[in-house]
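Below: one structure, written as structure tokens.
Just so you know, all these numbers are worked out from the coordinates, no wet-lab data involved. For clarity, every value in this text was computed on a predicted model and none was experimentally measured. Backbone-built Cβ (ideal geometry, glycine too); neighbour counts: all protein chains shown.
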Amino acid sequence: MKFLIDECLSPELATLARTQGFGGSTHVTWLGLGGRPDWNIARRAVDDGFVFVTNNNRDFLALYRREELHAGLVCLTIEPSVRGIDLQLAVFTALLEELTDEEPYNEVLDVQIGKDRNVSVSRYHWTAASTPPPRLARRKRTARRKS
């Protein structure tokens, strides 16, 4: 298993993954993909068999929903007021320990960290053929008309 860490998260997560035995892990910027469109990054992650780690849930959930087969998607939703590198590393360390035995093929791990630093993890099967869990479904926006 190898991880591709999104540019919105610290490159130290990729370094941590490598030191924990996930040698093929890397960061979006290390691949020269910094600033590229999300669809481009998702395509690279899927094609190269990376478990993709991001906090950009909305965009990547929509992109991964189109995939028949993927190595996995990890959505780290960290409350902005507590979004420091120490918390990213602590949560990712715990995640690596959980994933050592089981690869998350066609799964989304939704990791929520609140202001109180409580962590909840939900795991969902996710492919183009599946229905999104209600909590992860993209919310429809309604436009307001001016009268």
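For (1) surrounded by fewer than 16 Cβ atoms within 10 Å (Cβ to Cβ); (2) not small (G, A, S), each residue gets a yes or a no:
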position: G32; (1), (2): yes, no
position: P37; (1), (2): yes, yes
position: A42; (1), (2): no, no
position: F52; (1), (2): no, yes
position: L61; (1), (2): no, yes
position: L69; (1), (2): yes, yes
position: L73; (1), (2): no, yes
position: I78; (1), (2): no, yes
| Which one of these is among the aliphatic types (A, V, I, L, M), within 14 Å of the chain's Cα centre (by Cα) and farther than 19 Å from F92 by Cβ: A14, A42? | A42
| query | Looking only at segment 1-41, which residues are touching an Asp or Glu at 6+ places or on another chain (Cβ under 8 Å) and free of Cβ contacts under 8 Å to residues at least 24 places away in the same chain? | reply | H27, T29
| Can you find even one residue in segment 43-54 that is over 24 Å from V119 (Cβ atoms) and touching a His at 6+ places or on another chain (Cβ under 9 Å)? | yes
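When you look at D47, is it more than 15 Å from K2 (Cα to Cα) and not β-branched (V, I, T), yes or no?
The answer is no for D47.
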